Amino acid sequence: MAVTQEEIVAGLGEIVNEIAGIPAEDVELDKSFTDDLDVDSLSMVEVVVAAEERFGVKIPDDDVKNLKTVRDAADYILKHQS
Amino acid sequence: MTAKIKPAQGSPYARILGVGGYRPTRVVPNEEILKHIDSSDEWIRSRSGIATRHWAGPEETLAEMTLEAAGKAVADAGITADQVGAVVISTVSHFMQTPALATEVADRMGAGKAAAFDINAGCAGFGYGLTLAKGMIVEGSAEYVLVVGAERLSDLTDLTDRSTAFLFGDGAGAVIVGPSDEPAIGPSIWGSEGDKRDVIAQTVPWDGFRVGDVSQLPLDEDGALKFPALRQEGQTVFRWAVFEMAKVAQQALDAAGIAPEDLDVFIPHQANVRIIDSMVKTLKLPEHVTVARDVETTGNTSAASIPLAMERLLATGKAKSGDTALVIGFGAGLVYAATVVTLP
């Protein structure tokens, strides 16, 4: 069953917390991964791989660079989830 | 009539008998790298774990560094150079394409008429060489094989590329592989993913200079031609290295019948501490496993990194002879090679 944007953001919060040690509640739609959440380019790869597993989507490397904010990632997952 | 051919007589198994390394005398701190790129010591350390690397001087040629490392490996193995039957050197930075570096090394080390050749398997070069050596020894083509990774990656570094300028180092690492009554090198899990050949590559081919189409060649700010360098797509490499290579490492453990709790040492290619740490996490290696983090003071030395890290772990007492070690190399090609070995 498809998940909602809210569920995706909550899931991303747990993932970012696990990988970068940022409190899950800080992960909000308009936060930038790099500038606000201190997720660098390598940690972003780990976040993406964890999100792929959790939400059953494929996020190719070429698309990762377009995922600047939590909203970008949530929208991408919403659009591509099977 | 098909005449009967007598096959060679090999050893039942092979093992690493000795290891040796050479690191150039000049230590290059991050501060020196920062003269050319807009970055910081903190940024470099947080992205790579690298604090210092060694860069070779004019006298520290690939041959000289290899001879130093090879001499130590031969002594450590308790053999003499004339017993070496084959010399296999993995390098991507030997600019005299013919003859092979290995022939000079075989001659100058005193290995007589040993078979000698270079291989190009990027950062997986050590595992590729080890696989070849094991085959030669078990098949009977050579009793002792010198396997070397030797690089002067500083010669292939674009000092103005802020994503790679700090990564690479120079050095040579060598092992002697020889006969064994017991299995001491597990099955090799090796392969290539040539569909990703553009992910890590030299900026331009050497013959780009001959063709003379300057528009195709890299130029510096003053319009002068830039020497070829290594470039890579960092995020793609990171994803592949951490997640795909963890699977390969696991396959090597499974193929050798080694459970994680039986493992003493993990020596991945020393590319980047972040890759190493993520691999350790993905593989769920137990706490007791010693993990090589030689990259912090050696940088990424491609094919030389695993034997250099192995030598340092043994020399500093962090690992000991007889320990069971998982080794995995991965890099340009993309190519990879993983196996489990008993440390010399």
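So that you can scan it fast, the table gives a plain yes or no per residue for (1) within 19 Å of B:SER90 (Cβ to Cβ); (2) open to solvent by less than 70 Å² (accessible area, probe 1.4 Å); (3) among the charged types (D, E, K, R):
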| residue | (1), (2), (3) |
| --- | --- |
| B:GLU193 | yes, yes, yes |
| B:ILE200 | yes, yes, no |
| B:VAL280 | no, yes, no |
| B:VAL291 | no, yes, no |
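Conditions (1) under 25 Å from B:ALA229 (Cβ atoms); (2) without any contact (Cβ under 8 Å) to a residue 12 or more places away in the chain; (3) in contact with a strand residue (DSSP E or B) (Cβ under 6 Å, 6 or more places away or on another chain), marked per residue:
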| residue | (1), (2), (3) |
| --- | --- |
| B:MET65 | yes, no, yes |
| B:ALA73 | no, no, yes |
| B:GLY129 | yes, no, yes |
| B:SER141 | no, no, no |
| B:THR157 | yes, no, yes |
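What residue, of A:LEU78, A:LEU29, A:LEU12, A:LEU42, is open to solvent by 40 Å² or more (accessible area, probe 1.4 Å), in contact with a helix residue (DSSP H, G or I) (Cβ under 9 Å, 6 or more places away or on another chain) and part of a helix (DSSP H, G or I)?
The unique qualifying residue is A:LEU78.
Conditions: (1) within 14 Å of chain A (Cβ to nearest Cβ); (2) over 18 Å from the mean Cα position of the chain (by Cα); (3) touching a residue at least 24 places away in the same chain (Cβ under 8 Å). B:ASP161 meets all but one. Number of the miss?
B:ASP161 satisfies all of (1) within 14 Å of chain A (Cβ to nearest Cβ); (2) over 18 Å from the mean Cα position of the chain (by Cα); (3) touching a residue at least 24 places away in the same chain (Cβ under 8 Å) except (1).
Just give me the residues in the range B:23-53 being open to solvent by 40 Å² or more (accessible area, probe 1.4 Å) and assigned to a strand (DSSP E or B), in sequence order.
Listed by number, the residues that qualify are B:ARG26, B:VAL27, B:PRO29.
Listed residues A:SER43, A:SER32; which is within 10 Å of chain B (Cβ to nearest Cβ), at negative phi and more than 10 Å from the chain's Cα centre (by Cα)?
A:SER43
Between a residue in the range A:25-48 that is under 12 Å from A:GLY13 (Cα atoms) and any residue that is basic (Lys, Arg) and modelled with pLDDT of 90 or more, which pairs come within a Cβ distance under 8 Å, given they are 6 or more apart or on different chains?
Listed pairs, sorted by first residue: A:LEU29/A:ARG71; A:PHE33/A:LYS68; A:LEU37/A:LYS31.
Of the conditions (1) touching an Asp or Glu at 6+ places or on another chain (Cβ under 8 Å); (2) under 24 Å from B:ASN30 (Cβ atoms), B:ASP294 fails just one. Which one is it?
Exception for B:ASP294: condition (1).
For residues that are assigned to a helix (DSSP H, G or I), without any contact (Cβ under 8 Å) to a residue 40 or more places away in the chain and under 11 Å from the mean Cα position of the chain (by Cα), scanning just the range A:51-67, find the one that is nearest to the other protein chains (Cβ to nearest Cβ).
A:VAL64
Restricted to the range B:93-144, and to residues that are part of a loop (DSSP other than H, G, I, E, B) and touching a Phe, Trp or Tyr at 6+ places or on another chain (Cβ under 6 Å), which residue is surrounded by the most Cβ atoms within 10 Å (Cβ to Cβ)?
It comes out as B:ALA121.
Just wondering, is there one or more residues in the range B:247-263 that are surrounded by 14 or more Cβ atoms within 10 Å (Cβ to Cβ), of a type in the set (D, E, K, R) and in contact (Cβ under 8 Å) with a residue 12 or more places away in the chain?
There is no residue in the range B:247-263 that is surrounded by 14 or more Cβ atoms within 10 Å (Cβ to Cβ), of a type in the set (D, E, K, R) and in contact (Cβ under 8 Å) with a residue 12 or more places away in the chain.
Which one of these is away from chain B (no Cβ under 14 Å) and modelled with pLDDT of 90 or more: A:VAL70, A:VAL48?
The match here is A:VAL70.
Since B:GLN270 meets every condition but one in (1) touching a Leu at 6+ places or on another chain (Cβ under 9 Å); (2) free of Cβ contacts under 8 Å to residues at least 12 places away in the same chain, which condition does it not meet?
Failed condition: (2).
Mind checking which residues of the range B:156-191 are among the charged types (D, E, K, R) and open to solvent by less than 10 Å² (accessible area, probe 1.4 Å)? Write out each step before concluding.
Step one: of the range B:156-191, the residues among the charged types (D, E, K, R) are B:158, B:161-162, B:170, B:181-182.
If the condition is that a residue be among the charged types (D, E, K, R) and open to solvent by less than 10 Å² (accessible area, probe 1.4 Å), then B:ASP170 is the only one that fits.
Can you pull out every residue in the range B:1-60 that is within 14 Å of chain A (Cβ to nearest Cβ) and under 20 Å from the mean Cα position of the chain (by Cα)?
Within the range B:1-60, B:SER48, B:GLY49, B:ILE50 qualify.
The values are calculated or read from the model by the stated rules, or taken from the named source; none is laboratory data. Everything numeric in this text was worked out from a predicted model, so none of it was measured. Heads up, the Cβs are rebuilt from the backbone with ideal geometry, glycines too, and the neighbour counts pull from every protein chain shown. Each accessible area value is taken on the protein alone, full model and side chains, heavy atoms only, with ligands, DNA and RNA left out. Shrake-Rupley method; radii C 1.70, N 1.55, O 1.52, S 1.80 Å.
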